[in-house]
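Peer 1: Before anything else, here's the structure in question.
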Amino acid sequence: MGDIYRNSYITIAASASPGSFGGCFSKTTPDHCIAIKEATQRDVYIGIRDCHGAGKNNTSTNEQVFLNHFPLFSRAWVYQERMLSRRILYCNKSELQVGCEQNLQCECGSSRVAPHFVPAPRGLNVGRLKGPAELTPYGHGGGLVDQDIANIAYRNWTEVVETYAKLNLTKGSDKLPALSATARILAKNLGGDYLAGIWRSTLMEGLLWYVRAPLSKPRPRGDAWRAPSWSWASIDSPSGLVFVNPRMKLSSSFEGKIEAAVCVLAGQDDFGRVASGFIRLKASLGRTFWRIRCRGCTTPARRSRGGGLPRSDYTLYTNGSNPAPQQDWLPCEFSEPRLDLMGASIGFSADALVDDTARYGFFSCIGKGMCKLAPCHLLHIPRFEAQRKQRTGTGAWRVNADAFLALTEVKGQPETFERLGLVTITHDTQAKKEEWFKTVWPGILSPEKTITLV
């Protein structure tokens, strides 16, 4: 299919059609013509096009309004078809548009009048995805290091995935096939194996994704398995997902630590469906606990949004500050030790909702509260040693957040782990960060061992 779109002279897109039977034609508001007549002057005719949106810019923040005008663009299969096609004729609701790899033109001549859309998302197209094919990236999979072409290609890929992930698929099993043609093009620059949406040459960078809230559905990795837990393709994320600062290079900490990274294909397409997959590496894990917070233990703002348990309110069990107590309420307590943050801020982005606490080994708190804890293991993925400092609005220097994969051990399979989500820990200063890794982190760290991520 990819070759068909790449080699077509022009692709016709029924962008205003909500389905396969909508066609390319739609009823438009008729244009108006005003005639101004003066007895002693020549007649003047003014043509007026009736537009939706009263001249608003096309960068509307209301995504649903945009999709009402261009429902075709909500479909995941269409996303790569737009990028692969060299020329596209868009049959919009109000007019025709013609786009190519360099430009996009419409009938009215003003893309600033709603409703309009920009060219293929974020300006991506086949030409940009290809890049200098003669350059190849670093091969060991432990980090991008100083390979600029790999860095650029990797950022292009993360942009593609971030946009693609929230689009609609009728069949969840199409998650990888619907992007396979794009992956095939990028393979020339990213090189190595393609592992369920992540590249072997940028393996550790590719693991640093997280799901935007709100979370979508419980246990997407249950019966309808389609990718390993460490792959973004295993998640349904209509709210989107994000990669952690793809411009930040990683250290070479995992060079020589990755023993195997394998995906078994479910068909003939090297970039399509997979039947299984794993990553085996040598690593030390930090043992701690993750927490489902009840409403009383969340922030006051979240408490006021209605009753019941906020199912997506997850975090690590730390000594960070609790919200101000309510009347006749005390924060939930556990006998297990908290993770000492030493004043750092923490972010916990769970991959999915939890509807089966027994699966993850959750247990209840002491007393009548509703908070729950479960064992959790942290895999630290270090940033490049020579980090680039960023100045904040106050003039101070910002310390880059440290990223950790949150893992749970698979029952009955020792040293085998599934991904739960992504954790970030951010310290105010570099000195505090170094002190935390010197005093706190070693206290929860296991000896280095071979682990398997599935």
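The values are calculated or read from the model by the stated rules, or taken from the named source; none is laboratory data. None of these values were measured; they are calculated from a predicted model. FYI the Cβ positions are ideal-geometry reconstructions off the backbone, even for glycines, and counts take in every protein chain you see.
Peer 1: Among the residues of region 154-206, write down those that are part of a helix (DSSP H, G or I) and among the small types (Gly, Ala, Ser).
Peer 2: GLY172, SER173, ALA178, SER180, ALA181, ALA183, ALA187, SER201, GLY206
Peer 1: Filter region 185-203 down to the residues that are in contact with a Phe, Trp or Tyr (Cβ under 6 Å, 6 or more places away or on another chain) and at pLDDT 90 or above and list them by number.
Peer 2: Of everything in region 185-203, those that are in contact with a Phe, Trp or Tyr (Cβ under 6 Å, 6 or more places away or on another chain) and at pLDDT 90 or above turn out to be TYR194, GLY197.
Peer 1: Across region 1-38, which residue is nearest to THR182 (Cα to Cα) among those that are β-branched (Val, Ile, Thr) and at pLDDT 80 or above?
Peer 2: ILE4
Peer 1: Let me ask something additional. Looking only at residues that are of a type in the set (Val, Ile, Thr) and either part of a strand (DSSP E or B) or touching a Leu at 6+ places or on another chain (Cβ under 8 Å) (or both) in region 343-377, which one is surrounded by the most Cβ atoms within 10 Å (Cβ to Cβ)?
Peer 2: Going residue by residue through region 343-377, those that are of a type in the set (Val, Ile, Thr) are 346, 354, 357, 366.
If we keep only those that are either part of a strand (DSSP E or B) or touching a Leu at 6+ places or on another chain (Cβ under 8 Å) (or both) too, we end up with 346, 366.
Numbers: ILE346: 16, ILE366: 10.
Within region 343-377, the match that is surrounded by the most Cβ atoms within 10 Å (Cβ to Cβ) is ILE346.
Peer 1: Also, I was wondering about something else. Of the residues in region 424-448, how many are modelled with pLDDT of 95 or more and part of a strand (DSSP E or B)?
Peer 2: Summing the residues that are modelled with pLDDT of 95 or more and part of a strand (DSSP E or B) in region 424-448 gives 1.
Peer 1: Next question. Would you mention how many residues in region 371-416 are hydroxyl-bearing (Ser, Thr, Tyr) and modelled with pLDDT of 85 or more? Before the answer, list the steps.
Peer 2: We begin by selecting, within region 371-416, every residue hydroxyl-bearing (Ser, Thr, Tyr); these are 392, 394, 408, 416.
When the remaining residues are screened for being modelled with pLDDT of 85 or more, the result is 408, 416.
Going through region 371-416 one residue at a time, the tally reaches 2.
Peer 1: Here are some residues: ASP340, ASP269. Which one is acidic (Asp, Glu), within 28 Å of the chain's Cα centre (by Cα), surrounded by 14 or more Cβ atoms within 10 Å (Cβ to Cβ) and at pLDDT 80 or above?
Peer 2: ASP269
Peer 1: Identify the single condition in (1) assigned to a strand (DSSP E or B); (2) among the hydroxyl-bearing types (Ser, Thr, Tyr); (3) modelled with pLDDT under 75 that TYR45 does not satisfy, given that it satisfies every other one.
Peer 2: Tallying (1) assigned to a strand (DSSP E or B); (2) among the hydroxyl-bearing types (Ser, Thr, Tyr); (3) modelled with pLDDT under 75, TYR45 fails exactly one: (3).
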